[in-house]
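**Q** Next up is a structure, given as structure tokens.
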Amino acid sequence: DDTPSSKKGRVTFVAFLELVVKLQGGGPDPYDEMKQFFHLLDRDGKGFITFKDLRNASDELKIPLSNNAIRDMMTEADPMGHGKIRLEDIISVLGQSGTFKSLIPPNIS
């Protein structure tokens with residue numbers, strides 16, 4: 001209920017990330033917060049986030065997302081369709097968000 005949804009009622013990956021960041025609390029360095037967020041999802045340190053990682057985060061944070069919604073997020077954040085979201089992908093997606101756009105250093109995105 002706390003995330004904006006599209007006309008089809010789907011939650012975007014950016015909206016999901018914004019909610020998770022909001023639930024985790026703000027920090028002084030948004031880029032550092034994004035890295036910390038990434039590492040929270042990439043618990044085993046493989047260097048990318050998978051469908052399973054997003055499913056686990058959604059379940060643990062009690063954010064009711066269907067598997068289809070998570071697949072849509074994966075598609076949004078992983079346009080090449082590798083099934084892996086890297087930190088750079090998250091920064092790119094968040095760079096399109098009004099919330100984060102002005103906070104990402106220009107040499108990062």
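**Q** Can you tell me which residue is modelled with the lowest pLDDT among those in segment 12-38 that are under 16 Å from A77 (Cα atoms) and open to solvent by 30 Å² or more (accessible area, probe 1.4 Å)?
**A** E18
**Q** Does P64 meet the test of being in a loop (DSSP other than H, G, I, E, B), on the phi < 0 side of the Ramachandran plot and in contact with a helix residue (DSSP H, G or I) (Cβ under 8 Å, 6 or more places away or on another chain)? If you could, list the steps in order and put the result at the bottom.
**A** Details: in a loop (DSSP other than H, G, I, E, B): yes; on the phi < 0 side of the Ramachandran plot: yes; in contact with a helix residue (DSSP H, G or I) (Cβ under 8 Å, 6 or more places away or on another chain): yes.
Here the answer is yes, as P64 does meet what is asked.
**Q** If you don't mind, there's one more thing I want to ask. If H82 meets every condition in (1) part of a loop (DSSP other than H, G, I, E, B); (2) modelled with pLDDT under 90 apart from one, which number is that one?
**A** Status for H82: all satisfied but (2).
**Q** Would you point out the residue of segment 62-85, among those that are charged (D, E, K, R) and closer than 21 Å to K46 by Cβ, that is least open to solvent (accessible area, probe 1.4 Å)?
**A** The extreme case among them is D78.
**Q** While we're looking at this one, here's another question. Take segment 44-56 and flag every residue that is on the phi < 0 side of the Ramachandran plot and either part of a helix (DSSP H, G or I) or free of Cβ contacts under 8 Å to residues at least 12 places away in the same chain (or both). Explain how you work it out, then say what you get.
**A** Narrowing segment 44-56 to residues on the phi < 0 side of the Ramachandran plot: 44, 46, 48-56.
Correct list: D44, K46, F51, K52, D53, L54, R55, N56.
**Q** Out of all the residues in segment 41-53, is one or more at pLDDT 70 or above, of a type in the set (V, I, T) and open to solvent by 50 Å² or more (accessible area, probe 1.4 Å)?
**A** Scanning segment 41-53, I find no residue that is at pLDDT 70 or above, of a type in the set (V, I, T) and open to solvent by 50 Å² or more (accessible area, probe 1.4 Å), so the answer is no.
**Q** Out of everything in segment 86-106 that is open to solvent by 20 Å² or more (accessible area, probe 1.4 Å) and of a type in the set (S, T, N, Q), what residue ends up being modelled with the lowest pLDDT?
**A** S102
The values are calculated or read from the model by the stated rules, or taken from the named source; none is laboratory data. Please read all numbers here as calculations on a predicted model, not as lab measurements. Counting neighbours? That spans all protein chains shown, and the Cβs are built from the backbone with ideal geometry, glycine included. These accessible areas exclude ligands, DNA and RNA; they are computed on the full protein's heavy atoms, side chains included. Shrake-Rupley method; radii C 1.70, N 1.55, O 1.52, S 1.80 Å.
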